[in-house]
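Chemist: One structure follows; several queries about it will come next.
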Amino acid sequence: MRKSKSQNQLILNHLTHKGSITPAEALVTYGCMRLAARIGDLKNHGHKIETEIKTDQLGGRYARYWLLKKSSRKATAVMA
C-alpha cells in the first residue's frame, strides 16, 4: 500500500513546480484549510518562502506564497 503525501509535501511540490500558491488554491486543490500553518511548517524546516498580501476586486485580502530560492531539502524529506 502506498502512503499518501502529507499536505506539507503537496504544498512544497506545488511551490516548486507551479511557483506560488494562495489559500483558495490550496483548499480547492489539496483540501488544505490552514495554508498559513503548512507554510509555517515548511519555513521551520528551512525552506525560504516569501509572502505577499494581495487585495481582490472586492477589497478582500489574501496571501500568496512562493519559494525564494531552491531549498536544501527535497520535497520528500518534509515531515508530515
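The values are calculated or read from the model by the stated rules, or taken from the named source; none is laboratory data. Quick caveat: nothing in here was measured; it's all calculated off a predicted structure. Using ideal geometry, Cβ is built from the backbone for each residue, glycine included, and neighbour counts are taken over all protein chains shown.
Chemist: Which numbered condition trips up residue 19, out of (1) exposed (fewer than 13 other Cβ atoms within 10 Å of the Cβ); (2) modelled with pLDDT of 95 or more?
Modeler: (2)
Chemist: Also, I was wondering about something else. Could you tell me which numbered condition residue 76 fails, if it satisfies all but one of (1) at pLDDT 95 or above; (2) surrounded by fewer than 13 Cβ atoms within 10 Å (Cβ to Cβ); (3) not in a loop (DSSP other than H, G, I, E, B)?
Modeler: So residue 76 meets the others, but not (1).
Chemist: Here is a further query. Are there any pairs, at least 6 apart or on different chains, whose C-beta atoms fall under 9 Å, with the first in the stretch 4-22 and in contact (Cβ under 8 Å) with a residue 12 or more places away in the chain and the second surrounded by 20 or more Cβ atoms within 10 Å (Cβ to Cβ) and in a strand (DSSP E or B), and if so, which?
Modeler: 11/21; 11/65; 14/21; 15/21; 15/65; 20/65; 21/65; 22/65
Chemist: Which of the residues spanning the stretch 42-73 are loosely packed, with under 10 Cβ neighbours inside 10 Å, modelled with pLDDT of 95 or more and of a type in the set (A, V, I, L, M)?
Modeler: Residues satisfying the conditions are 53, 58.
Chemist: Show the residue pairs meeting these rules: Cβ distance below 8 Å; 6+ apart or different chains; first residue within the stretch 47-66 and farther than 15 Å from residue 14 by Cβ; second residue basic (Lys, Arg) and at pLDDT below 95.
Modeler: Final answer for the pair search is 48/69.
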